[in-house]
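The values are calculated or read from the model by the stated rules, or taken from the named source; none is laboratory data. Fair warning: this is a prediction, and the values are worked out from it, not measured in the lab. Here Cβ is always computed from backbone atoms with ideal geometry, including for glycine, and neighbour counts include all displayed protein chains.
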Amino acid sequence: MNRGPASRIRVGLALACAGLTAGCGTQAATVAVTRPPAVTASLSTSLTTAQGTWAIAVMGGSAASHDNFWQLFVRRANTGRWSLATPQGVADNGGLVAAGGNGSLVVGFRPSQELAYSPLATSTDAGLNWTPGLLDAALADTPGAIAVGPSGRTLALLQDGTIEAAPTADDAAAGRWVPLATLKALAASAPGRSCGLKGMTAVSFGPDQNPIAAGSCVRPGAAGVFTDAGGTWRSAGLTLPGNGPSMGTVRVLGLTAFPGGNAALLAVGTSLLAAWWDGTRWTVSAPVTADGVRALGFGPGGSAWLLLDSERAETIAGAAGSTWRALPPVPTGTAVLAPPGTGTLAPGTGGSYDALAVSGSRLTVWRLARGAWGKVQQITVPVQYGSSG
Amino acid sequence: MPGMNSGLSPSDPTLVAAFRSALLHQGAIALLMLVFLWLLWATARTWRPAVSAGTSGVTAGEPAEARARWLLRTGFGVLWIFDGILQAQPKMAGGLATQVMEPIAASSPGWVQHLVNWGGTAWSYHPIQAGAASVWIQVGIGTWLIVAVRGPWSRLAGAASVIWGLIVWVFGESFGGIFAPGLSWLTGAPGAVLIYVVAGALIALPGGAWRAPRPGRLLLAGLGVFFAAMAVLQAWPGRGFWPGRAAAKPGTLSRMVTEMAGTPQPHFLSSLLSGFASFATRYGFAVNLVVVIALAAMGAAFLSGRPRLVRYAMWSGIVFCLADWVLVQDFGFLGGLGTDPNSMIPLIVLFSAGYLALTPAAQEAEAPARAAEAKRPGVRSVAAAGALAVILLGAAPMAAAAVNRTADPILALAISGNSTSLNLPAPGFSLTDQNSRTVSLASLRGKVVLMTFLDPVCTSDCPIIAQEFKQTGQMLGAQAKNVELVAVVANPTYRSTAFTRAFDRQEGLTTVPDWLYLTGSLSQLGAVWRHYGVAVENLPAGAMAAHNDLAVVIDPAGRIRQELSSDPGPATLSTRSSFSVLLGQYARQALRQS
């Protein structure tokens with residue numbers, strides 16, 4: 001890979017939208033494209049539900065992958081303390097994927113070692129008790145692989161790009177899933193062909209409760225976000241201004257739903273953007289540049305955070321017109337950020353982001369207060385080294 | 001190379017004990033040593049230099065054996081016996097495939113690895129048979145070479161040496177590493193056993209061929225080309241032999257010697273090697289220059305075919321080879337897994353024989369054999385036939401093992417320990433199978449029940465155990481209709497039939513006849529776990545539900561006959577097959593007991 005200055009192409013795209021145009025409302029954005037995106041969506045993430053704020057991080061630290069166990073932590077609503085809430089009964093070395101909705105949290109276990117399918121666990125009491133569920137297929141390796149709608153309808157993105165749906169929470173528990181779309185079919189559809197769809201990265205529900213799927217496209221500047229309207233997949237209309245070969249390919253790193261809309265995190269080269277959809281139009285944030293993304297997640301009201309290389313962290317509020325705000329350098333070992341549990345981050349305020357730092361089997365919680373990170377809690381996780389060997 | 005690794009330690013006590021038993025323990029090895037010494041003595045007693053033949057009472061008409069052939073025959077006979085004894089080392093059965101064959105093949109091209117993997121897999125499936133067979137075959141060939149002095153028996157011994165040598169060269173030495181980078185005469189190129197093969201081919205020549213110097217000239221010419229080629233390889237720029245240090249690290253030769261110094265051996269030997277490694281690091285260029293010059297000089301001398309030059313080259317070659325044998329090859333056979341003394345000793349024997357063949361004694365061509373030999377041809381023939389029997393003793397089980405696609409149950413016993421023979425009534429149960437039908441133990445009366453406990457969302461052992469059960473059913477053939485393969489869910493949370501069905505689909509068990517994966521309420525399962533001594537519990541922090549791996553064999557009358565650990569251990573191809581064989585044996589045994 002040529003990293004020399006000569007090979008770097010810095011394209012400053014002054015993305016100006018003179019006014020709202022049909023289907024596209026976009027803020028100014030400058031997208032830097034230098035080389036293929038180094039960003040990957042780690043399964044480390046956090047999300048907020050009515051029950052509290054959840055964070056997923058991998059712990060253990062052994063060189064052997066089967067000694068690295070993924071953990072689910074919860075900071076229950078109206079408390080400032082984190083506790084371990086990893087559902088029991090399944091080895092989770094392959095990773096955990098979680099989604100909230102319908103008053104519950106659904107956790108999917110990614111396959112690992114000899115296990116080829118994905119058991120599920122659902123909690124309606126903030127992780128105190130779990131009900132087993134079954135997805136008789138391999139869940140995709142992306143934090144947006146599960147979505148739960150307000151009615152309990154559940155979507156799962158599989159490793160091979162297939163999207164499956166369980167009509168109700170009971171169906172999900174009993175393993176009654178039906179295929180909704182395959183990657184091949186989506187890529188062959190008109191919107192799939194239009195963007196050159198090559199892979200799926202996330203599923204969600206739109207404001208109208210219809211399924212949404214997002215992925216990566218090969219056509220520069222084309223964002224692969226699709227909605228399912230009665231069995232027909234259509235483009236959700238997310239296009240980045242300045243569309244063209246110089247823009248680079250767009251990869252949807254994350255997608256979530258919040259009351260009244262959806263939020264997405266996009267990577268275009270080394271530029272990262274947030275986008276919000278209210279069901280009719282998209283708003284795209286200004287970009288933030290980074291060489292690599294270690295983790296990302298969403299907070300209430302479409303807010304989002306990015307944990308970047310070099311201990312950088314950026315957050316953005318969900319409101320249209322908000323801009324990326326850099327947090328102070330995060331503590332060493334930070335694996336995931338957790339947004340404030342309630343309310344919407346107001347631009348320019350620090351909020352009360354937590355940084356969850358991992359060292360072996362120890363989790364240290366740092367809280368941002370008055371512009372500095374302060375240690376507020378430490379949890380020793382009883383990692384069962386060797387139990388998956 | 002997936003097949004050749006049994007995953008077991010070469011020092012595994014069960015394997016070592018079984019290997020020792022197969023070789024009649026240490027006593028058999030000691031007996032071999034005694035026989036070996038006796039053969040040496042007997043051979044030395046019967047051989048006399050040709051110059052004295054005329055004065056010792058000979059029988060006319062039977063020519064004496066050429067000195068060169070005698071040297072090859074006895075020299076390589078002794079070497080084969082020595083190699084056979086090395087094969088009797090305790091770690092050899094469990095370690096040869098993984099710690100000798102696999103590492104040697106690792107740097108060779110893919111097709112070599114593939115070929116070696118085939119042989120290594122056969123070894124790892126049947127380590128005891130293969131280990132013991134190697135001992136007997138090599139001791140047999142060595143003995144045969146020594147006792148069969150002349151005639152077809154003797155030439156056949158040479159041919160046997162060629163055949164077995166080629167097998168060892170291909171599978172044991174990965175073609176002597178000639179297809180791998182870093183080939184060097186110093187470390188044994190082109191493979192010690194290839195020299196055995198050449199010697200065997202020479203021994204297989206008609207006896208009359210040795211009466212003229214032609215075989216000697218040809219042999220020396222071949223050796224001359226070989227040494228010259230090795231000199232070129234050693235001198236070739238970019239192969240790493242010139243610098244004592246490269247990129248602040250010891251050079252190629254120093255690294256090789258340092259690696260050898262790490263072999264388990266007496267301290268003074270490792271110190272000697274470490275000292276030479278330091279010397280080679282400091283004076284790398286000079287050391288390699290000496291090596292290149294010596295190889296080139298020997299090559300030129302052997303190619304010249306002039307007896308005087310060849311004699312000088314032979315004596316200096318002996319000194320040079322012995323120095324390399326000690327300082328670089330570290331004797332070749334130390335460390336518990338050494339299979340031969342490496343290339344220098346056989347090479348010395350070979351070029352010395354070449355010199356003797358070049359300069360046959362004046363009387364050699366005409367000298368008859370000693371009368372004592374002529375009077376005892378039957379003894380040698382019997383001894384040769386005995387040696388052949390020893391070879392067959394090893395070759396027959398090895399051939400049978402090579403075509404047997406199932407592994408020796410000793411691997412399973414090494415992992416799980418001996419099973420417990422019982423004769424107890426099996427606790428009854430009534431559970432639900434994967435198709436939601438109720439199944440009780442009583443309903444399975446009349447069949448042997450192979451039962452285990454599996455977690456349907458398990459990530460490691462359980463799917464492997466299920467495959468072992470499945471394979472057992474296939475191995476049982478027609479008897480499978482009398483055997484029920486039963487698993488009981490071992491997870492307190494993920495235990496519904498949705499999970500047993502998902503597990504069956506994952507493991508390809510949906511079409512296996514007589515496969516039952518049973519589950520029930522937590523209280524039902526808890527009772528079964530308790531009655532069969534299986535502890536099941538959820539563990540925190542993302543760990544799998546814990547349970548002990550247990551299998552029981554219940555006879556058609558409903559009595560437990562065997563209880564064994566079903567821990568799949570390293571879960572390699574050979575251990576999986578081994579478990580299946582063991583379970584199948586127990587199932588047949590239970591059928592007979594009924």
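The condition (being surrounded by 15 or more Cβ atoms within 10 Å (Cβ to Cβ), in a helix (DSSP H, G or I), at pLDDT 95 or above and not hydroxyl-bearing (Ser, Thr, Tyr)) is satisfied by just one residue among B:Leu220, B:Leu253, B:Leu273, B:Leu269: B:Leu220. Just one of (1) in a loop (DSSP other than H, G, I, E, B); (2) surrounded by fewer than 22 Cβ atoms within 10 Å (Cβ to Cβ) fails for B:Tyr494. It is (2). With respect to B:Pro556, determine if the residue is within 12 Å of another protein chain (Cβ to nearest Cβ), over 30 Å from A:Thr380 (Cα atoms) and either assigned to a helix (DSSP H, G or I) or touching a residue at least 60 places away in the same chain (Cβ under 8 Å) (or both). It is false that B:Pro556 is within 12 Å of another protein chain (Cβ to nearest Cβ), over 30 Å from A:Thr380 (Cα atoms) and either assigned to a helix (DSSP H, G or I) or touching a residue at least 60 places away in the same chain (Cβ under 8 Å) (or both). Would you be able to say whether some residue in the range A:171-178 is within 14 Å of chain B (Cβ to nearest Cβ) and on the phi > 0 side of the Ramachandran plot? Yes: one or more hits. Only one of the numbered conditions (1) at pLDDT 95 or above; (2) farther than 21 Å from A:Val97 by Cβ; (3) among the aromatic types (Phe, Trp, Tyr) is not met by A:Trp233, and that is (1).
Taking strands (runs of 3 or more DSSP E) as the structural unit, those lying wholly within the range B:420-476 and holding at least 1 residues that are farther than 30 Å from A:Leu115 by Cα correspond to B:420-425.
When you check A:Val336 against the structure, is it under 19 Å from the mean Cα position of the chain (by Cα), modelled with pLDDT of 95 or more and buried (at least 20 other Cβ atoms within 10 Å of the Cβ), yes or no? Against the criterion (under 19 Å from the mean Cα position of the chain (by Cα), modelled with pLDDT of 95 or more and buried (at least 20 other Cβ atoms within 10 Å of the Cβ)), A:Val336 qualifies.
The set of residues in the range A:56-112 being farther than 21 Å from A:Ala357 by Cα, hydroxyl-bearing (Ser, Thr, Tyr) and touching a strand residue (DSSP E or B) at 6+ places or on another chain (Cβ under 8 Å) consists of A:Ser104 alone. So, B:Ala401, is that one away from every other protein chain (no Cβ under 14 Å), under 30 Å from B:Leu8 (Cα atoms) and in a helix (DSSP H, G or I) or not? So B:Ala401 passes the test.
Would you mind stating whether B:Ser430 is farther than 21 Å from B:Ser565 by Cβ, free of Cβ contacts under 8 Å to residues at least 12 places away in the same chain and away from chain A (no Cβ under 14 Å)? Taking the combined requirement at face value, the residue does not satisfy it. For the range A:117-135, the criterion of a residue being away from chain B (no Cβ under 14 Å), crowded, with 24+ Cβ neighbours inside 10 Å and either aromatic (Phe, Trp, Tyr) or outside any loop (DSSP other than H, G, I, E, B) (or both) is satisfied by no position. B:Ala487: within 11 Å of another protein chain (Cβ to nearest Cβ), under 20 Å from A:Leu134 (Cβ atoms) and of a type in the set (A, V, I, L, M, F, W, C), yes or no? Against the criterion (within 11 Å of another protein chain (Cβ to nearest Cβ), under 20 Å from A:Leu134 (Cβ atoms) and of a type in the set (A, V, I, L, M, F, W, C)), B:Ala487 does not qualify. Of all residues in the range B:526-540, those that are within 14 Å of chain A (Cβ to nearest Cβ) and in contact (Cβ under 8 Å) with a residue 12 or more places away in the chain have Cβ atoms under 6 Å from Cβ atoms of residues that are part of a helix (DSSP H, G or I) and among the aromatic types (Phe, Trp, Tyr), 6 or more apart or on another chain, in B:Val536/B:Trp529. Of the residues making up the range A:356-389, just one is within 11 Å of chain B (Cβ to nearest Cβ) and in contact with an Asp or Glu (Cβ under 6 Å, 6 or more places away or on another chain), namely A:Tyr385.
Here is the figure for the range A:65-116: residues that are of a type in the set (D, E, K, R), part of a strand (DSSP E or B) and facing chain B (nearest Cβ under 8 Å) total 0. Just one of the numbered conditions (1) within 21 Å of the chain's Cα centre (by Cα); (2) small (Gly, Ala, Ser); (3) within 23 Å of A:Leu307 (Cα to Cα) is not true of A:Ser65: (1). For the range B:81-175, the helices (runs of 4 or more DSSP H) that sit wholly inside it and include 1 or more residues that are among the polar types (S, T, N, Q), crowded, with 23+ Cβ neighbours inside 10 Å and in contact (Cβ under 8 Å) with a residue 24 or more places away in the chain are B:110-125, B:127-147, B:151-167. With a requirement of 3 or more residues that are farther than 25 Å from A:Val107 by Cβ and free of Cβ contacts under 8 Å to residues at least 24 places away in the same chain, the helices (runs of 4 or more DSSP H) lying completely within the range A:158-277 that satisfy it span A:183-188.
If you take the residues in the range B:500-525 that are hydrophobic (A, V, I, L, M, F, W, C) and buried (at least 17 other Cβ atoms within 10 Å of the Cβ), which one is farthest from the other protein chains (Cβ to nearest Cβ)? Checking each candidate, the answer is B:Leu516. Residues of the range B:441-474 that are in contact with a Leu (Cβ under 9 Å, 6 or more places away or on another chain) and of a type in the set (Ser, Thr, Tyr): B:Thr452, B:Thr459, B:Ser460, B:Thr472.
Among the candidates A:Thr40, A:Thr45, A:Thr49, the residue that is at pLDDT 95 or above and either within 18 Å of the chain's Cα centre (by Cα) or within 14 Å of chain B (Cβ to nearest Cβ) (or both) is uniquely A:Thr45.
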